[in-house]
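> Let me begin by handing over the structure; questions about it come next.
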Amino acid sequence: MQRHGILNSHIAKILADLGHTDTICIADCGLPVPEGVEKIDLALTFGTPSFQQVMDVIWMHMKVEAIHVAEEMKEHNPHLYRYMESTYPKDAFQWTETHHDAFKEATKHCKCIIRTGEASPYANVILRADCIFSDRP
């Protein structure tokens, strides 16, 4: 029994098993999950839990070196795009922005997709794990 940390055993295991350059996806409730990719479904109702709530927890527990978002997020979900920029500044993390179709293709290589209750457009990110003994934050 953990005293603190991520209580969801599936997410805790995924994060503990990640190696350098492995990827996970945090997704809104509408992103399709490719065949063969594990889905960890946290969605309860529209908006619960939110993308930002889940990202705030992942930020505390995952060492990240790179961010991948759909380029459409910037225009169609500027609030979450600004949140991502402030959480993972472009001068400290490698950023990739691709068309949403290319983003969905990239999810096929993720260890898992964590599905939130987020119901706003393009609220999806792929996070690439960093080496835990690097000097990045």
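Taken together, the values in this text are just the output of simple stated rules run on the coordinates, not laboratory data. Note that this is a predicted model, so its numbers are computed, not measured. Neighbour counts run over all protein chains shown; Cβ positions are idealised from the backbone, glycine included.
> Loop only by DSSP, 16 or fewer other Cβ within 10 Å of the Cβ. Give me the chymotrypsin sites (Phe, Trp or Tyr not before Pro) in the range 31-137 that pass, ordered by residue number.
In loop regions of the range 31-137 (DSSP not H, G, I, E or B), the sparsely surrounded chymotrypsin sites (Phe, Trp or Tyr not before Pro) are PHE46, PHE133.
> Calculate, for ALA102 and LEU7, the FRET efficiency according to 1/(1 + (r/R0)^6) with r their C-beta to C-beta distance and R0 41 Å; round to the nearest 0.05.
0.75
> With +1 on each Lys and Arg Cβ and -1 on each Asp and Glu Cβ, and nothing else charged, work out how big the dipole of the chain is about its Cα centre, in Debye to the nearest 20.
400
> In the structure shown, do any of LYS13/LYS63; LYS13/LYS90; LYS63/LYS111; LYS13/LYS74 have a Cα-Cα gap over 23 Å, and if so which?
Cα-Cα > 23 Å for LYS13/LYS90; LYS13/LYS74; rest within.
> Would you list, by chain and number, the aspartates and glutamates whose Cα falls below 13 Å from the Cα of LYS39, excluding same-chain residues fewer than 8 positions away?
Partners found: ASP28.
> Continuing with this model, one more query. Cα centroid distance between the range 62-137 and the range 6-25, in Å?
15
> From the Cα gyration tensor of the chain, with a ≥ b ≥ c the square roots of its eigenvalues, which class applies: rounded if a/c is under 1.5, or else prolate if a/b is larger than b/c, or else oblate?
Cα axes put the chain in the rounded bin.
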